[in-house]
Each structure stands twice: as structure tokens, then as C-alpha cells.
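*Asks:* There's a structure below that I have some questions on.
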């Protein structure tokens, strides 16, 4: 218990001093500390009560492989143990990455907030093993890094200028070093690195290009800022970037990422979930595209259930585009109208490949919708003269059926709630959205003339 002086003056030159008992935790920080107002975002705007959620994922029901992808080396592994995902590096030279398939589109002029729930080291790590959680892709971004036998650091990676990174330990935090002199008044100097071994909420707030990134933790239900990487003016540029004409990182669109690497081996990271929101209050509108195609679905032999693909959509190779379908339509123009339509998301098809699935191994001709943009592509059956001889083959494929529709005489919209974003895995293998059709019954020679259309936005 500390005491604080309260001095009274009677107006005649006489003073009286009383020392009142007060809890030390309530004592204001020293005059040298910089106050932080976290009721405002990184653009000094009042935070919204309900910021727009750009992405949200927990692992209560599984690994969420539609939203996350893994990459491992040697005996490194990603596994599910309800209600969390574990990343392990059992031996030296092992590593494991668990990363969102989506590269989150940063919105210029809006403050982005990343939340990461994790235990960086469950106590099994050995000296030199590393665990990370961040908003980064391994070359650019911001993250928390724990080195077993070392320290818990905040890190900025950038490949624009020097291709280097800046790692900062607690004692050098420029917002709150947690030694009792910072805005919080907290002294965690003896125990801060132990945080890595406990379930924690880590957060990263970013305004990109010439802005800043602030990293912190949630402590006693409060957002506690620790360190700010600030490139908002020449006087505050970090030492790792000698150029003031480059953005602070090469990318404005980055994934959420958990990572472990074995030096001695044994470390296990537990990931409970992650989210990203925008304090701008709305989602980016994106760029809108649309295309349509028609085809004949034949009856090849009596009761024929052969499924044909009508239209396919995927992100362009070499980009981090996010494709979000807005509306899909299908209709039967002529025939007995005994047709089933399906909307299918092929999840990063590798083996079998997209060519195996759609065209029996023959390369599928994808054509750009907008040659000036070329960020989204489509494929239609008339690109292949042998289309009718090579029906859809989903054997061994990783896919999700998003919606079904049946015979109809009018254009039928597929519910937007049934749609799914198109992304890519860590290796860059892209998802593909396809609309298919198959006859439910009929006689040989009686064909159905069908159409399909899709409208989407690209970010």
C-alpha cells in the first residue's frame, strides 16, 4: 500500500498536508509516459461499437480447411484437438504453417484490427524452438514471435527495401515497456516472456503504406498497446527501412498466420481462433464482373446421370485476388426440363488437377473476362470441342457442394448464403467454382438446352 499527499492551502500562507492510503495500482504513470487513447483507432477516429468483420474463424468444430491451409516440412504437423488446432515441430529442421487461404484485402483509409487467440508454447518446446502468430506471409507483415530460452518479441517483416525484419523485445517497446514506467503502470518485466506459455489474446492494428502498426495484448480485459512500428513521418521511420519512398511492407493484403519451427525440436503451438475487422464500418465494394454460357446436356444411354460442367470460375494465377460470387443463375431453355444443377467449390485441386476433373486430363482453356484487368477468369464448354465426351469426374477431389436446383422453366437464382469465396492455398493453387448439370431421366437422343450465369466481385 502506497500513500499520496493531499495538500490544503488556507489562503493566508498556511498549508496542511495529509497522506492518504491508496492502492499502488491506481497511481498515475510517470510524466515521461505517453498516454494512449484506445477509444480511437489509428486514424484518430472514434472506434465504432460494431466494426465490420472482414474475417472470423474459430476451431470449435474442426480445422476449418475451407478457410485455412497448411504447409509442413519433415515431421512437422498440423492437427486438430478440440477445440483448437495444434502446430508441432517434433525435431530439428521441422516446421509447420497454418495460414488463412484468404489474403485479407486492406482498405485504404481504414484502420484494420487483427485478433489472434493462441498459446505460443504449451511447455514442450526446447531451446531455440520458435513459435509465431501474426498478420504476415513470412516475408511481409507483423507478428508475435517466441523463442524458447529467449524472449517474446514483436516483429515487423518487410521485403520492399532491405528485405529484412525488425524484432523488438519487451525492454525496447516504445509504447509500454511494462516496467512500471509506461501508460499502464504495469511492471511485468520479470514475467512477460512467460505469457507465451499461457492462453493469450494478441492484437495487431494496421494502417498501411505510410502509416503504422501497433501490436499489443489483451490484459485484464483491456487492450494494452506495447509497441508501434511507425512510418508516418521521416522522423519516426524505423531503422530497418532506409527508404521513405517505399510502403512499409510490399503487400497490403496479407493472411493471418500461425507458425512453428524446430531448432532442438518439441514445440507445440495451440491456435484457438483468429479474426480481422475494420473500424471503417463497412466492407470494401470490390470490382464487379459477370459472365454466362449455354450448353446442351445430352442423354447418352437411356437413364443417364452423367454430370457435365457448364461454367467455371477461378482467381488468376500469380495474384492474391479474392473472388466472392454474388449470384449464380441456371435455366433450361428447351427439353423435358428434367435436369439437376449443382454449384461446387473445388478446393485447390492438385491431385486430381482441375484438368483431370473437368476435361479428362486435357488442359482446360480459361479465358479472361476483362483483358484490361485479367484478375478473374472463366471457362466455358465451347472452348473444348470434345466437351460432351468428357463428363465431370470428381473422383478423389476435395470439394464442397454449395447448392442444388432442379428442373425449371425460368431463371433460378442460387441463394447468396450458399456461396463460398474462392481463394488459394499456401502454394498458390487456386479454388475453382463450377456450375454443373445432369439429366435425371429421358431417352437417348433427347437433349436439354441449358444456360448458366455468374456475377461476382473481385478484391
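*Asks:* Can you give me the Cα centroid spacing of the stretch 190-219 and the stretch 111-148 in angstrom?
*Replies:* Each part's Cα centre sits 10 Å from the other's.
*Asks:* Taking 37 °C and 0.692 mPa s as the conditions, I'd like the Stokes-Einstein D for the stretch 56-195 in µm²/s, using the Kirkwood hydrodynamic radius from alpha carbon pairs.
*Replies:* Answer from the Stokes-Einstein relation: 193 µm²/s.
*Asks:* Ok, one more. Sorted by mean Cβ packing within 10 Å, highest first, what order do the peptides 345-353, 113-121 take?
*Replies:* Result, highest mean first: 113-121, 345-353.
*Asks:* With a point put 7 Å past each Cα toward its Cβ, work out how far residue 53 is from residue 190 in nm, to one decimal.
*Replies:* 4.1
*Asks:* Can you tell me the order of 259-271, 67-79 when each peptide is scored by its average per-residue count of other Cβ atoms within 10 angstrom, highest first?
*Replies:* Ranking the peptides 259-271, 67-79 by packing returns 259-271, 67-79.
*Asks:* So between residue 406 and residue 61, what do we pick up on full extension, going 0.36 nm a residue minus the alpha carbon distance?
*Replies:* Gain on extension, residue 406 to residue 61, equals 121.1 nm.
*Asks:* Taking the convex hull of the alpha carbon atoms in the stretch 108-175, what volume per residue do you get, in Å³?
*Replies:* 128
*Asks:* Calculated FRET efficiency, residue 46 and residue 398, Cβ-Cβ r, R0 51 Å, to nearest 0.05?
*Replies:* 0.70
*Asks:* Can you tell me the FRET efficiency between residue 362 and residue 73 if r is taken as the Cβ-Cβ distance and R0 is 35 Å, rounded to the nearest 0.05?
*Replies:* 0.55
*Asks:* Continuing with the same structure: Based on the Cβ-Cβ distance of residue 167 and residue 91, what FRET efficiency does E = 1/(1 + (r/R0)^6) give at R0 = 25 Å, to the nearest 0.05?
*Replies:* My answer for the efficiency is 0.55.
We did not get these values from a lab; they are worked out from the coordinates using the rules stated. The shown structure was predicted, so the numbers you read here are calculated from the model rather than taken from an experiment. Ideal geometry is used to build each Cβ from the backbone, glycine not excepted, and the neighbour counts take in all protein chains shown.
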